[in-house]
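Novice: Quick one: the structure is below, questions incoming.
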Amino acid sequence: MTGTTIDGAALLNEVEAFHRRFNIFPAEAAYVAVALWDAHAHLLDCFDSTPRLAFLSPEPGSGKSRALEVVETLVPQPMTAVNASAAALFRSVSNPEGRPTILFDEIDTVFGPKAGDNEELRGFLNAGHRRTGVTYRCIGDGGNQTVQAFPSYCGVAVAGLGNLPDTIMTRSIVIRMRRRARNERVEAFRARIHEAEGHKLRDRLAQWAEQARGFIMGAWPDMPDGVTDRPADVWESLLAIADVAGGDWPERARAACVNLVTASRANDKGSLGIRLLTDLRDHVMVGIDRLPTVAILDRLNALDDAPWADLHGKPLDNRRLSKMLTEYMTADNEPVTSRNIKTAGSVLKGYYALDLHDAWERYCPPPPSGAATSATSANSQVSSPEKVAATLFPSAT
């Protein structure tokens, strides 16, 4: 490569400043993450995976589409994909002229509650997170069909209302957009003027990428404490870029990583099964070592901000509860099932905290700081039937 060496840190500062002119992001960490994501799109072949960038909000008019417009000016070969089919996308990624960066606006029309499951598109987005990801399709007519593997690995940024499927959310850097406050001002984005400015930055990012490629290839950046597994996969490429860029970007990138990973965990209720386990631990069986199914259902369905009172139009019942809990195992490697509980002269079916403790430890997030939960009571001395009866049915004692 010939020409002047580009200062990576200064260039990232310019990319961040370009976003700040037109976008109001919810936190400083978001500006850092988005600028690094723009740069990473020019270096996908250096990494084992690419995070999805997701601009999400609860209401329209929150700046999601504008954020995607600005990203479009900065990434290589942008492909705007509204309502694009999975077949069109994986054929585009296989284009011999170069891999696109897919920008998917109004993603809620694809994965929203009225849009169906769209498993084919979900599979494409999931597979394309990894460099080895491929999509298999039959090619040809009639009996002459053959199976062909289409590469799926590409950069993807999306914008939409609500949330994405869990399998995509865990592969994403999520920016929770919100409407601008009355005192927040941004410059109006005029495509005829500002696209050219963005393209100049894009071209310089491409030049810096070639300059930095040899340093980034094979880099294994140090992760902040507590960032492991999937979040580490998501952030690895961005931290590697920050380290090579230098300046204050390595420190800012790791602070942004911790900020956004923590926020993601706070917003993540996990699967419905994990939400059930967590609610049982933190709200239903606190300080109680066993509880009849009827009491569990009553308490779950009474929880505010919980899905149990309206699961597809019906409250959680004992059959659904049993089906969900048998998916998890006790410490003795047996399915979690209801057992007899003696109470005030009768025997009822119910669940023991001891049976749930192993699942709580393996699947649930840490309990609220300082909170007394039934996870600790599971290891304590089992209460007598009379004490349980007095706790559950005080009017009967």
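Novice: From the list 51, 58, exactly one residue is in the same structural domain as residue 231 (by TED's automatic domain parsing), within 19 Å of the chain's Cα centre (by Cα) and exposed (fewer than 14 other Cβ atoms within 10 Å of the Cβ). Which is it? Walk me through it before giving the result.
Specialist: Numbers: 51 fails: exposed (fewer than 14 other Cβ atoms within 10 Å of the Cβ).
Going through 51, 58 in turn, the sole match is 58.
Novice: Let me ask something additional. If a residue has to be within 19 Å of the chain's Cα centre (by Cα) and closer than 20 Å to residue 237 by Cα to count, how many in region 1-27 make the cut? Reasoning before the result, please.
Specialist: First, pick out the residues of region 1-27 that are within 19 Å of the chain's Cα centre (by Cα): 25-27.
Keeping just the survivors that are closer than 20 Å to residue 237 by Cα gives none.
Total meeting the criteria: 0.
Novice: Using the structure shown, decide if residue 197 is closer than 17 Å to residue 19 by Cα, surrounded by fewer than 16 Cβ atoms within 10 Å (Cβ to Cβ) and in contact with a Lys or Arg (Cβ under 6 Å, 6 or more places away or on another chain).
Specialist: Working: closer than 17 Å to residue 19 by Cα: yes; surrounded by fewer than 16 Cβ atoms within 10 Å (Cβ to Cβ): yes; in contact with a Lys or Arg (Cβ under 6 Å, 6 or more places away or on another chain): no.
No, not satisfied.
Let's see how each residue does on (1) surrounded by fewer than 17 Cβ atoms within 10 Å (Cβ to Cβ); (2) of a type outside the set (Ser, Thr, Tyr); (3) not assigned by TED's automatic domain parsing to the domain that holds residue 162:
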{"residue": "202", "(1), (2), (3)": "no, yes, no"}
{"residue": "205", "(1), (2), (3)": "no, yes, no"}
{"residue": "220", "(1), (2), (3)": "yes, yes, no"}
{"residue": "278", "(1), (2), (3)": "no, no, yes"}
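Novice: Is region 10-30 home to any residue that is outside any helix (DSSP H, G or I), of a type in the set (Gly, Ala, Ser) and within 17 Å of residue 204 (Cβ to Cβ)?
Specialist: Taking region 10-30 and keeping what is outside any helix (DSSP H, G or I), we get 23-27.
With of a type in the set (Gly, Ala, Ser) added as a condition, the list becomes 27.
Applying the additional criterion that residues be within 17 Å of residue 204 (Cβ to Cβ) yields none.
No.
Novice: Can you tell me which of 324, 329 is in contact with a Gly (Cβ under 6 Å, 6 or more places away or on another chain) and of a type in the set (A, V, I, L, M)?
Specialist: Numbers: 329 fails: in contact with a Gly (Cβ under 6 Å, 6 or more places away or on another chain).
None of the others qualify; the one that does is 324.
Novice: From 128, 63, grab the single residue that is over 30 Å from residue 188 (Cα atoms) and either in contact with a helix residue (DSSP H, G or I) (Cβ under 9 Å, 6 or more places away or on another chain) or of a type in the set (D, E, K, R) (or both). If you could, list the steps in order and put the result at the bottom.
Specialist: Working: 63 fails: over 30 Å from residue 188 (Cα atoms).
Of the residues listed, the single one that is over 30 Å from residue 188 (Cα atoms) and either in contact with a helix residue (DSSP H, G or I) (Cβ under 9 Å, 6 or more places away or on another chain) or of a type in the set (D, E, K, R) (or both) is 128.
The values are calculated or read from the model by the stated rules, or taken from the named source; none is laboratory data. What you see is a predicted model, and the numbers here were worked out from it, not measured in a lab. Ideal geometry is used to build each Cβ from the backbone, glycine not excepted, and the neighbour counts take in all protein chains shown.
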